[in-house]
Each structure stands twice: as structure tokens, then as C-alpha cells.
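Taking it in order: structure first as C-alpha cells, then the write-up.
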Amino acid sequence: MTYLTVDAGTSSTKVCLFRQDGSLWLSRSVSYPVDRPQPGWAEQDPRAWWQAASALCRALLVEAGNPPVRAVSLSGQAPLCVPLDRHGQPLRPAILWLDRRAAPQARWLQEHLGVEEAVHLSGNVLDPYFGGVKWLWFRREEPELYARTWKIAQAQTYLAWHLTGKAITDPSHAGMCSPCFNPQTRQWDERICELMELDAERLPEIHASTEIIGEVTRRAAAETGLKAGTPVVCGGGDFACACLGAGALNPGQGALMLGTAGNLLVPALERTDPRLINTLHVTGERLSMGGVLAGEVITWVRGLFGNPSLETLEAEAARVPPGAEGLLFLPYLMGERTPVWDAQARGVYFGISSLHNRGHFYRAALEGVAFAFREITSIFTALGRPLHEVIILDGGARSPLWRQVFADVLGLPVRWRPTSPGTSHGAAFLAALAMADASTRDALQHWLEPTLDVFPNQEAQPTYAGRFAVYRQLYGRLKDLF
Ligand SMILES: Nc1ncnc2c1ncn2[C@@H]1O[C@H](COP(=O)(O)OP(=O)(O)O)[C@@H](O)[C@H]1O
Ligand SMILES: O=C(CO)[C@@H](O)[C@H](O)COP(=O)(O)O
């Protein structure tokens, strides 16, 4: 028996096949672009997710010799605006989590709902990043399309619809759709939807992440090679599945997910803080995270230099000393979320001199993302939950230099599981829980391989402390100029 996972990420869709003991059997992905029709906008064709998912399922099942699949589990990027018509067809390109076009709608909500009330009700500030704010842009700016909308989906909803014909989501996704979700009732907040003149009927049903939401239909079976009737498990946001898949279960542990986005995730905080993103975990408890731009920064810097290989860039950056000889990078290429919540902010290379070469620019980019996370670790410390270690996972975690930079900048051990598929591992474990093959979260420990660890290099600490002090001041001094 196997579990099959589908993860619709920002840069690619990944399909993985796991054995029932949790070990990875096969994993494949198909990449697609992010479209940027205007500055600050980011869109994607949702059909690319299903085309990739169905083709990968077929290929993987053939490659594995068509093993029985016990359940399929889903994860995806969020929060998005993906309006679907009655036939499940996308009415426009998906508005991605990266997209900050809804700044005027965030301002309208600040005036008519108020930030304090939004934080009180949903745990989160009012920013164009959040799903509900994006939905308000859609309803106001594209009323004809809104009138034809059956459901406003997430990537997970869209995959689930193709597999089962049902439009669902889960609390980890819904919590990112502030201010339209109430974490107390774990349902859409109808009062706020009414204020926004948004019809709550057009939102997907919320199910627990470990719930079986349906079965693979005959049509989906023909498209994917899965057997009709295979159970489909709800799953969760890629960030929440990453936190589970990292095995970050104990106080003092944080999961550092490095996809296009970077998320530093901590479950079960006693109190939330609006500088962070606050949602619910796939396990049902609270989940708080710092969210910054990560892999997108790498893709961008590579592109600037004509797309040399990551190995070449990494080797050049490794020859540059910690602190990049005075070159500092603010990674706010698409505005920034935590902790500054500023859609207008932009990236900055600061302190450029004629000494600096490509290796310096690459190293400064790696260090800039790590500094952004050091701001987040200091918030967790202030909340009484200091981190003692981070477990790093997903695309960017494959970089040995970045793992060392994180250890040095955060001053924490950085642990990594080389063969774990990160986010998808968490989604697969949700399938095991849903099928009652695992009964408690502790069973996850048996699924996870030992970590490969890096520790802070003491010699780098004074340099990074000094550079972080400058990093912290930079945004404050520049923010009125963006
Ligand atoms: N060796 C590496 N060093 C740094 N970044 C990397 C490396 N390998 C992949 N990445 C980054 O990881 C991201 C892809 O990770 P992935 O987990 O697949 O993301 P997503 O879920 O957003 O599709 C890309 O943005 C890429 O730049
Ligand atoms: O916005 C968030 C949460 O901070 C992201 O986790 C998105 O869900 C995108 O994830 P990736 O596609 O980068 O993995």
C-alpha cells in the first residue's frame, strides 16, 4: 500500500509516492512560471496545476508498477483568489499569495472594519497578502466574473474539485483568508463577509485536514491512472504540511520552510502576535509564522546574472567572508509581509563598492533572507517561545551554504533531512492519520530519518550581530521613500 501526495507550489507541482512506513518511494515535479502583468501583481494559470498533477500521477504510477494507493492527500500554496464557475473552470488567472494589488481594499477594510477589530476576530492585520482582502479586490474590480463565480478556491480546492468533484478547504488555508475566517468558530465569518458584500456561499466548505473529503471519480481516474474510489484526504496549506513534515512538535523547535516563500513556523503559541501570520495548524492547534520572500530571491539574483548554475553561484559566494564585505540586502522584492507588513517596500542592495562581484551579491542575498528570519526569531523570543533549533526543509534547504548562513545568523543549530520531501511528507502523514494507519502525532517520529546538522560558527557571530543591527535600521530609514 502507498500514499500519494499532490502539492501545488508556486514554482512547481510535485507528486510523491510514499510507502506505508512513511519512506519516500518516488517523487517528480513539473515547473511553471509566475506571470507578472504589473508591478506588485503575481498570477498563475490554475490549469497548470491540474495538468501537472494528472500527468505526474500517471507517470509515477506506471513507473512504480501500479501499486495500490491507500489514499491521496493534498497541499498547496496559499492564500489565493481562484474563482471557479459551476463547472469548476477558472474564470481568470489565480491571484497568488505574492500579489499585493489589493492595497486599496486593505485600506477600505482598515477604515470600515478597523485593524484592531480584524486582529481581535481573525488574529491577523489587514494586508493585501491575505485571502479575504484579495477576494474583495476581485468582487469590486471584476463584478461580471464575480457574478459567474461558483466558488472562490485555493490551489488545494482546485485539485480536490478535479479529483472528487467537491469544493473544499481546511482551517490552515481558511486562516490565511483573513478577515473572512473566524478561528474561534473555525468557520467563515458571515458578518465580515456581509460587510464586504461577499457571499459566504461562494466559499469552499471547511473540513479538517485529516478528513476524507471524497473519492477519486471515474473521470479523475481516467486522467490520473488512480483507481476510481480511492479516498482523497483534505490535507492543508503547504506551510502547515511543511511544519508537520519537519517534525517540529516540541516547544523550542521551529520549521524553516524554504520554497518560493520562506516561512518560519511555530505551532501552539499561547498568544498570537499580529506582526506574524496566524492561522490554524493541520493538527488543529494554533500555527504562527514569519513569512518572507526566500527562493524567489534566489531565482531573481540568478536571473540578473544570466542564470548561472546554483553550484557556481554557491561556490563563488562561499569564497566571500560572512557579512559579504559590507554588502547588505533587504529582500523585499514584492513588498514584505512579516514583520513590516508593507506592500510598497522594495528590495535594496546597500553598501555596494567596486570590490563587490557576483559572489558578494549572491552571498548578500542569502544573508538578507536569513536576517529577515532573525527578526522573526526575536519575535518568538519576545512571545516567550525562544527557539532552540530550526528544522529546515524544501527547495532552498538543499543549499549547504544557506544552511550554514542560517545557523550563523540565527545563532541556532539548523537540522535538515536530506531525503525528506518536506511539505509532502507532512501531507502523506495526514493521509496516514485519516486512514487510521497512525493514531497519534508521535508516530511521525518513525517516519523521519535522522537529521544532518550544522551549528553556528562562533567566529562569524560578531560580524553578523553588527550587520543585523544595520539591517534592522535600513527599512526604518527607507520606508517613507519607497
Ligand atoms: N540549491 C539551492 N539553493 C538555493 N535555493 C534553491 C536551491 N534549490 C532550490 N532553490 C529554491 O527553492 C525554490 C523552490 O523550492 P520549492 O520547495 O519547490 O518551492 P515552491 O513550493 O515554491 O514551488 C526556488 O525558488 C529555488 O530558487
Ligand atoms: O504564503 C505562504 C505562507 O507564508 C506560502 O507558504 C505560500 O503557500 C507559498 O508557498 P511555496 O509555494 O513557496 O512553497
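Bear in mind these aren't lab numbers, they're just calculated from the coordinates by the rules spelled out. Computed from a predicted model, the values in this text were never measured in an experiment. Here the Cβ positions follow ideal geometry from the backbone for every residue, glycine too, while neighbour counts run over all protein chains shown.
Values computed for the structure shown
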{"read-out": "Computed helical MRE - 222 nm, the chain, DSSP H runs ≥ 4 contributing -39500 (n - 2.57), nearest 500", "value": "-10500 deg cm²/dmol"}
{"read-out": "Lys pairs under 30 Å by Cα in the chain, provided they are eight or more residues apart or on distinct chains", "value": "10"}
{"read-out": "Dipole in debye (nearest 20) - the chain, about Cα centre, beta carbon charges: Lys, Arg +1; Asp, Glu -1", "value": "580"}
{"read-out": "Among 301-311, 5-15, 338-348, 453-463, the order from most to least packed when residues are scored by Cβ within 10 Å on average", "value": "5-15, 338-348, 453-463, 301-311"}
{"read-out": "Spin-label model distance (nm) - residue 89 vs residue 112, 7 Å beyond Cα toward Cβ", "value": "3.1"}
{"read-out": "Top positive-direction residue, dipole computed over the stretch 2-239 with Cβ charges, set 88, 145, 221", "value": "221"}
{"read-out": "Ranked packing of 220-226, 62-68, 364-370, 84-90, most packed first, by mean Cβ within 10 Å", "value": "364-370, 220-226, 84-90, 62-68"}
{"read-out": "Kyte-Doolittle mean at least 1.0, axial Cα span of 18 Å or more - DSSP H helices of the chain", "value": "none"}
{"read-out": "Extension gain (nm, one decimal) between residue 184 and residue 20, 0.36 nm per residue minus Cα-Cα", "value": "55.6 nm"}
{"read-out": "By average C-beta atoms within 10 angstrom, highest first, the peptides 472-478, 239-245", "value": "239-245, 472-478"}
{"read-out": "Part-to-part distance (alpha-carbon centres) for the stretch 101-125 and the stretch 266-302, which is given in Å", "value": "19"}
{"read-out": "Alpha-carbon centroids, the stretch 417-482 and the stretch 137-189: separation in whole Å", "value": "28"}
{"read-out": "C-alpha center-to-center spacing [the stretch 211-258, the stretch 330-352] in angstrom", "value": "32"}
